[in-house]
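Remarks on the structure that follows.
Throughout, read-outs are computed from the coordinates displayed, never taken from laboratory work. These numbers were taken from a predicted model, which means no experiment stands behind them. Reconstructed Cβ throughout: ideal geometry from the backbone, glycine too, with neighbour counts over all protein chains shown.
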Amino acid sequence: MTDPAHDPSAATSEDPENQVDPVAVWRRAAPDAVLLDGFHALKHAVRFGAEVLVAVTADRAAALALADELAADVRDALAELLTEVSHATYASLVPRPHPTAVAALAVRPDRAGNLAKLAHAPRTAPVVVLDQPRNLGNAGAVVRLAAGFGATGVVTTGTLDPWHPTVVRGGAGLHFATAVERLTVDELPPGPLFALDPEGEDIRSLKLPDEALLAFGSERTGLSAELRARADHLVALPMRPQVSSYNLATSVAMTLYHWSATGGAPA
Ligand SMILES: C[S@@+](CC[C@H](N)C(=O)[O-])C[C@H]1O[C@@H](n2cnc3c(N)ncnc32)[C@H](O)[C@@H]1O
């Protein structure tokens, strides 16, 4: 018999006769699954092909009204997935309730598949490398940027887990739109490495190639010695004297924008 924790259809039928307990499915799947916290995270994940195991809402009518308004393309899929539970039950499943009262669990994409995407040649868009980032919110914002610009992926070095629930929350479910993995500097995919550093060459004089790795240092200490040793180019963002540095995520935003404005970026 199919395990309902791994059979999305088992938990999502609108026919009460066919429903299994979504809470039981949730509790069994939660330890290994990715939490999609809120309507927008679920919407993005479904759009970009996530395998959703279970999805609950404390207000199904409100969630589907949001889908009608903002996500007609996935409205039917959401209607199929979402099971209404009491607000107390919903709140017991999530670290803190989201204003949309929607939450879901999805399968984390396979590491081998992500590594193949990151190494695939020729690359049509850069890979963003965050070298030992510390701030989970920054990492989430970077995943969202990478998804928006169609970057090939986001790689982190160091101890931060780029699939930590807070990072996924900051990424608004867009981890499913780009390849997100943690690697060591030695394991970085091939490609010319452009490391962002205020002491580098002015980005405005450069065109960043599609096959580039674009690397950014940690919030506290900047680029590690190991990453610098692997870098082919040091690149600076324009910044007036006396300002020390930009925020990590805004540095990624400016760099991806520069790549897109100078020839990159798929439609
Ligand atoms: C908050 S900054 C790091 C500041 C850190 N105190 C340091 O010593 O570098 C995080 C990262 O953003 C990028 N960054 C910030 N401002 C930059 C600039 N003006 N030019 C190039 N990269 C910059 C760099 O990759 C940097 O390592």
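Residues whose amide H comes within less than 5 Å of that of Leu193, counting only those at least five positions distant or on another chain, are Leu213, Asp232, His233 (H built at 1.01 Å from N in the peptide plane). Each stretch of four or more DSSP H residues adds -39500 (n - 2.57); spread over every residue of the chain, this sum gives -10000 deg cm²/dmol at 222 nm.
Placing dummy labels 7 Å off each Cα toward the beta-carbon, the span from Met254 to Ala30 is 4.2 nm. With R₀ fixed at 22 Å, the C-beta to C-beta distance from Val107 to Thr221 puts the FRET efficiency at about 0.05. Taking the charge dipole of the chain about its Cα centre, with +1 at Lys and Arg Cβ atoms and -1 at Asp and Glu Cβ atoms, the residue from Ala141, Pro97, Val46 reaching farthest to the positive side is Ala141. Near Ser244: Cβ cut-off under 15 Å, other residues only, Lys/Arg at +1 and Asp/Glu at -1. The net charge is -1. Here the simple spin-label model places points 7 Å from the Cα toward Cβ, and for His164 and Ala79 these points are separated by 4.0 nm.
Which of the chymotrypsin sites (Phe, Trp or Tyr not before Pro) found in segment 28-120 are loop residues per DSSP with 16 or fewer other Cβ atoms within 10 Å of their Cβ? Here the sparse-neighbourhood loop sites are Phe48.
Here the calculated FRET efficiency for Thr262 and Glu69, from their Cβ-Cβ distance with R0 = 45 Å, stands at 0.80, rounded to the nearest 0.05. Counting only Cα atoms, segment 111-261 measures 41, 32, 29 Å along its principal axes, largest extent leading. Of all DSSP bridge pairs formed entirely within the chain, close to 30 percent run antiparallel. Between the C-alpha center of segment 219-244 and that of segment 158-174 there is a gap of 23 Å. Of the trypsin sites (Lys or Arg not before Pro) found in segment 172-253, those that fall in a DSSP loop while having at most 10 other beta-carbon atoms within 10 Å are Arg220. Each other residue within a Cβ distance under 14 Å of Ala151 adds +1 if Lys or Arg and -1 if Asp or Glu, for a net charge of 0. Between amide H atoms placed 1.01 Å from N, distances below 5 Å from Leu36 occur with Ala104, Leu105, Ala106, all of them 5 or more places distant or on a separate chain. Along the axis of the charge dipole computed for the chain (Cβ charges of +1 for Lys and Arg, -1 for Asp and Glu, origin at the Cα centre), the listed residues Gln242, Ala63, Ala33 are led at the positive end by Gln242. Shown for the chain is the translational diffusion coefficient from the Stokes-Einstein equation, using the Kirkwood radius over Cα pairs, a temperature of 20 °C and a viscosity of 1.002 mPa s: 109 µm²/s. Please report the antiparallel percentage of the DSSP beta bridges confined to segment 111-261, to the nearest 5. Taking every DSSP beta bridge with both residues in segment 111-261, the antiparallel ones total about 5 percent.
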